[in-house]
Amino acid sequence: MEPGKHKTAAPVKKKREWSKVMTLLVVLAGFIIAQEALVLMYYCIRNEYTSTAAWLTAAVGLAEVIIGAGLTGYLNLAKSDHKEGGITFESAKAAGFKQDSGGNYNSPAI
């Protein structure tokens, strides 16, 4: 290696939290169901399908329920972690509410 040249450190891979991954998967599943139902509705209208299509409306409603339940579950988890007695709150309290100097911050400065 030439003088004055430094090796670049390998990028540190950030570990993803399981709750965030699960929430993303649930929301994506709901979004896909809604898109499929809307495409089927378009296809039925385009081909002059004149019978009742209530099952398509129910599919869109189901997708909205899935998305709402996924987001509600994640937000409830976040609320329980950040209030007194929660995992995040208690670990911050034990550290005197000070951030480590590692430079990896998941929240803005207070």
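If you scan segment 9-35, which residues turn out to be surrounded by fewer than 13 Cβ atoms within 10 Å (Cβ to Cβ) and either of a type in the set (Ser, Thr, Tyr) or farther than 22 Å from residue 78 by Cα (or both)?
9, 10, 11, 12, 13, 32, 35
What residue, among those in segment 49-86 that are outside any helix (DSSP H, G or I) and surrounded by 15 or more Cβ atoms within 10 Å (Cβ to Cβ), is modelled with the lowest pLDDT?
86
Residue under question is residue 10, and the condition is that it be at negative phi and at pLDDT 75 or above; does it hold?
no
The values are calculated or read from the model by the stated rules, or taken from the named source; none is laboratory data. Quick caveat, the model's predicted, so the values are computed rather than measured. Cβ sites come from the backbone with ideal geometry, for glycine too, and all protein chains shown count toward neighbours.
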